[in-house]
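Chemist: Sending over a structure as structure tokens; questions will come in a sec.
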Amino acid sequence: MNIKDAVPSLSNSQRRKLTTILSIDGGGVRGIIPAIILAFLEEQLQELDGEEVRLADYFDVIAGTSTGGLITSMLTAPNQNNRPLYDAKDLLPFYLESSPKSFPQDGGLCGQLASFVKSMMGPKYNGRYHHETQKQMYKETRLNQTLTNVVIPTFDIKLLQPVIFSSYRIASNPSLDAKLSDICLGTSAAPTILPSHYFENTYGDGKTREFHLIDGGVVANNPTFMAISEVTKDIMKEDSDYGSIHDKLLVISVGTGSARNDYKFDAKKAAKWGLLSWLTEGGSCPIINYFSEAGADMVDYHNNVLFHSHRCQDRYLRVQDDSLTGAAASADISTKENMEKLVKIGQELLKKPACKMDLETGLLQPVPHLGTYSDALTRFAKQLSDEKKFRRGDISS
């Protein structure tokens with residue numbers, strides 16, 4: 001059977017508008033993995049609806065944290081023809097070109113030692129190339145100009161509060177209508193890796209607001225639930241009796257990979273750790289890894305519970321590889337060798353069995369009827385295409 005024909009069809013009486021959400025995790029150079037996944041998804045949509053279509057045409061909201069926020073902006077910012085600034089197929093070349101310049105690598109053992117010492121005294125990278133690139137890409141483009149709704153989390157270290165740059169919030173909080181370049185620099189300002197980002201946003205009748213931002217991963221490295229919350233609040237403004245929303249959603253959440261096995265330590269050993277060990281043991285930063293892993297997993301856990309409870313689990317797909325090891329799990333190792341490895345990981349992920357979280361163990365388990373991730377994404381592409389046609393009136397309600 002053709003996988004595109006395996007999508008359950010809805011009768012006219014069952015058909016209703018779905019809210020479509022795409023979410024992209026943070027992960028630095030590991031953004032290479034979702035770049036490959038999203039290029040595949042856009043290719044499937046183009047096979048159905050023509051080469052001119054783009055991901056922003058199909059999703060009511062695209063959410064992204066850190067490197068996912070960069071991808072979100074690239075897919076939704078308008079070019080001079082009011083079409084997406086980047087096609088999904090352009091994401092991978094962008095990462096391969098920009099990552100070594102954003103994260104220049106010091107060679108050899110002495111270079112690695114120097115890099116470690118520098119990271120103890122200040123940001124590991126000065127961020128100049130990253131800053132210039134974002135400013136050049138987006139120029140004066142602001143949040144309100146994106147081609148679909150976006151949700152990008154950051155954290156303000158002066159207010160000690162999350163700052164969510166959301167299309168849904170601009171009307172009630174116009175100070176959030178900042179330049180996309182500043183939003184991207186804020187959400188990707190990973191502590192110890194890149195400098196925090198300060199800017200003043202001028203809005204309204206000359207009013208200004210200061211922002212003191214660091215990486216959105218502090219708030220939500222997996223922003224899926226945040227996107228759902230923004231959609232829910234928006235709908236509740238119009239209809240307070242709307243009820244549960246999960247049976248009215250179609251959600252694709254794309255991870256940047258996890259090194260679950262590399263993060264495991266013996267409690268007897270960890271009991272003797274001091275601050276330095278919690279920050280550097282195993283060549284990584286265990287305490288940050290644990291916060292990031294736990295946060296992303298809890299979002300996936302809650303989504304699986306809620307979608308399953310409303311018997312619509314096949315409208316939620318989490319694309320994630322939890323078997324990364326070594327340099328591939330790093331957010332900033334941009335050597336040619338490691339980037340080629342990440343490309344291969346992304347390509348192989350499409351061929352792996354599609355998984356869902358086991359709610360008892362928390363581990364990813366293959367779901368036989370989903371096939372591979374490429375099969376599942378192909379089915380979702382068909383659903384997205386059908387939804388777009390339904391809204392145009394090509395599929396009767």
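Chemist: Just to be sure before I move on: is VAL163 assigned to a strand (DSSP E or B) and either within 21 Å of LEU55 (Cα to Cα) or touching a Cys at 6+ places or on another chain (Cβ under 7 Å) (or both) in the structure I sent?
Modeler: Considered against the rule, which asks whether it is assigned to a strand (DSSP E or B) and either within 21 Å of LEU55 (Cα to Cα) or touching a Cys at 6+ places or on another chain (Cβ under 7 Å) (or both), VAL163 comes out as no.
Chemist: Can you tell me which condition GLU210 does not meet? The list is (1) over 23 Å from the mean Cα position of the chain (by Cα); (2) not in a strand (DSSP E or B), and all the others hold.
Modeler: Every listed condition holds for GLU210 apart from (2).
Chemist: Related question: State all residues of the range 241-269 that are in contact (Cβ under 8 Å) with a residue 12 or more places away in the chain, at negative phi and of a type in the set (Gly, Ala, Ser); if no residue qualifies, say none.
Modeler: Once the filter is applied, which keeps residues that are in contact (Cβ under 8 Å) with a residue 12 or more places away in the chain, at negative phi and of a type in the set (Gly, Ala, Ser), the range 241-269 yields SER244, SER253, GLY255, SER258, ALA259.
Chemist: I would also like to ask the following. Scanning for something farther than 30 Å from PHE103 by Cα and of a type outside the set (Asp, Glu), does the range 316-330 turn up at least one residue?
Modeler: yes
Chemist: Tell me, yes or no, whether the range 69-77 has at least one residue that is of a type outside the set (A, V, I, L, M, F, W, C), out of contact with any Leu (no Cβ under 6 Å at 6 or more places or on another chain) and open to solvent by less than 10 Å² (accessible area, probe 1.4 Å).
Modeler: yes
Chemist: Would you confirm whether or not the range 219-235 contains a residue that is among the aliphatic types (A, V, I, L, M), open to solvent by 50 Å² or more (accessible area, probe 1.4 Å) and not in a strand (DSSP E or B)? Lay out the reasoning, then the answer.
Modeler: So in the range 219-235, the residues among the aliphatic types (A, V, I, L, M) come out as 219-220, 226-228, 231, 235.
In the following step, the residues that additionally are open to solvent by 50 Å² or more (accessible area, probe 1.4 Å) were identified as none.
So far as the range 219-235 goes, no, none of its residues is among the aliphatic types (A, V, I, L, M), open to solvent by 50 Å² or more (accessible area, probe 1.4 Å) and not in a strand (DSSP E or B).
The values are calculated or read from the model by the stated rules, or taken from the named source; none is laboratory data. As the structure is a prediction and not an experimental result, all values here were calculated from the model. So basically every Cβ, Gly included, is an ideal-geometry build from the backbone, and we count neighbours across all protein chains shown. Only protein heavy atoms, including side chains, enter the accessible area calculation; ligands, DNA and RNA are left aside. Shrake-Rupley method; radii C 1.70, N 1.55, O 1.52, S 1.80 Å.
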